[in-house]
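Taking it in order: structure first as structure tokens, then the write-up.
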Amino acid sequence: MQRDKSQLQHQQGATTVALSCGSADVPCADASVADQGIPEPAKLRRYALCVEYAGGAYRGWQTQKEKDVPSIQETVEKALSKIANEPVSVICAGRTDACVSGTYQIIHFDTTADRPDRAWVMGTNTQLPDDIAIRWAKPVDDSFHARFSALERRYRYLIYSSPVKPALLSRGVTWTHKQLDMSRMQTAANYLLGEHDFTSYRAVGCQAKSPVREVKAMDIYGAGDLIVIDVRGNAFLHHMIRNFAGVLMTIGCGEAEPLWAKQVLDARDRRKGGITAPPYGLYFVDVKYPDQYELPKSTLGPYFLTQNG
């Protein structure tokens, strides 16, 4: 759905402010020059931004080697570069797979451009498609790193359990025609808590050096007509949560016992883990950082959940 005229006018105003700051005719805050007329060296600034995106149309977060393959990263970098009036490269908190969505993806980038926070948000959004949006922007010091400063990450996997497939949000939830027992799924999920070797739950092609991760919490609950798998951990492996979901859905429909989740874990063999659940319905919803950075808190999306705790 395209933005209406009033939305475009509101956002384009911020774009005009941002781009004018890069013009030779409009002085910026750091545009002072020495008496001899020699400009001072450009100062690098670091910004943290929150990105929200519906991943259905993209080959994941990371820029792809192939040409004409859409990614979230490349799309965001092109938009930011227009506002900065210089090339911008970003680093994210966690790379998401093809068709996976994000409500609180944190990125950082360095730039010599001096722009108001509003311009980084509203101005950049005028350069982005309707399925990607910058939610906020904040200057941070050089010690902040979107990936390495993160203490904890959180994902939600949304399942629509119904005999009939959904037409709405068909790429925003995972549908199963089978009836799922959430109590069985929770019993199974409890076996996966703590620090373990998650070889059985990561993709065969996962490039992480170590399969050891810590799952701090995994809660299974209903939210209206949806079943939510809500997972927090220090970090996650490639396909790890989708493989959790595949095992838990198999247990939830009665095709395996809850103990099977532990047996898969202990096997340390991906071939024992069953199917990888679809990417639709997986949302990257939160990242925790040290309080010193004072980043805005996540609202724990997606916003259409009727239970959002």
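Below is a table of values for the structure above.
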quantity: Residues of region 78-98 satisfying the condition of being modelled with pLDDT of 95 or more, within 26 Å of residue 241 (Cβ to Cβ) and more than 10 Å from the chain's Cα centre (by Cα); calculated: 90, 91
quantity: Test: residue in region 182-191 that is among the basic types (Lys, Arg) and in contact with a Lys or Arg (Cβ under 8 Å, 6 or more places away or on another chain); calculated: no
quantity: Single residue of region 134-168 satisfying the filter (of a type in the set (A, V, I, L, M) and in contact (Cβ under 8 Å) with a residue 24 or more places away in the chain) that is most open to solvent (accessible area, probe 1.4 Å); calculated: 151
quantity: Matching option when the condition is small (Gly, Ala, Ser), under 26 Å from the mean Cα position of the chain (by Cα) and within 17 Å of residue 197 (Cα to Cα), among 246, 233; calculated: 233
quantity: Search result, residues across region 249-265 that are in contact (Cβ under 8 Å) with a residue 60 or more places away in the chain and part of a helix (DSSP H, G or I); calculated: 249, 251, 252, 259, 260, 261, 262, 264, 265
quantity: Residue in region 80-95 that is touching an Asp or Glu at 6+ places or on another chain (Cβ under 7 Å) and of a type in the set (Ser, Thr, Tyr) present; calculated: yes
quantity: Selection count, region 31-56, where residues are among the small types (Gly, Ala, Ser), part of a loop (DSSP other than H, G, I, E, B) and either under 14 Å from residue 105 (Cβ atoms) or at pLDDT 85 or above (or both); calculated: 1
quantity: Condition check for residue 103: closer than 17 Å to residue 146 by Cβ, open to solvent by 50 Å² or more (accessible area, probe 1.4 Å) and not in a helix (DSSP H, G or I); calculated: no
quantity: Residue among 137, 146, 133 that is under 15 Å from the mean Cα position of the chain (by Cα), in a strand (DSSP E or B), of a type in the set (A, V, I, L, M) and under 19 Å from residue 53 (Cα atoms); calculated: 133
quantity: Subset of region 212-233 [open to solvent by less than 50 Å² (accessible area, probe 1.4 Å) and either touching a residue at least 40 places away in the same chain (Cβ under 8 Å) or out of contact with any helix residue (DSSP H, G or I) (no Cβ under 8 Å at 6 or more places or on another chain) (or both)]; calculated: 215, 217, 221, 222, 223, 226, 227, 228, 229, 230, 231, 233
quantity: Residue count, region 266-292 (criterion: open to solvent by 20 Å² or more (accessible area, probe 1.4 Å), of a type in the set (Asp, Glu) and part of a strand (DSSP E or B)); calculated: 0
quantity: Subset of region 57-100 (residues that are in a helix (DSSP H, G or I), open to solvent by less than 50 Å² (accessible area, probe 1.4 Å) and more than 21 Å from residue 206 (Cα to Cα)); calculated: 75, 76, 77, 79, 80, 81, 83, 84
quantity: Residue tally, condition assigned to a loop (DSSP other than H, G, I, E, B), hydrophobic (A, V, I, L, M, F, W, C) and either in contact (Cβ under 8 Å) with a residue 40 or more places away in the chain or buried (at least 19 other Cβ atoms within 10 Å of the Cβ) (or both), over region 170-206; calculated: 6
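The values are calculated or read from the model by the stated rules, or taken from the named source; none is laboratory data. Every value quoted in this text rests on a predicted model; they were computed, and no experiment measured them. Ideal geometry is used to build each Cβ from the backbone, glycine not excepted, and the neighbour counts take in all protein chains shown. We work out accessible area using only protein heavy atoms, side chains counted, and drop any ligands, DNA or RNA first. Shrake-Rupley method; radii C 1.70, N 1.55, O 1.52, S 1.80 Å.
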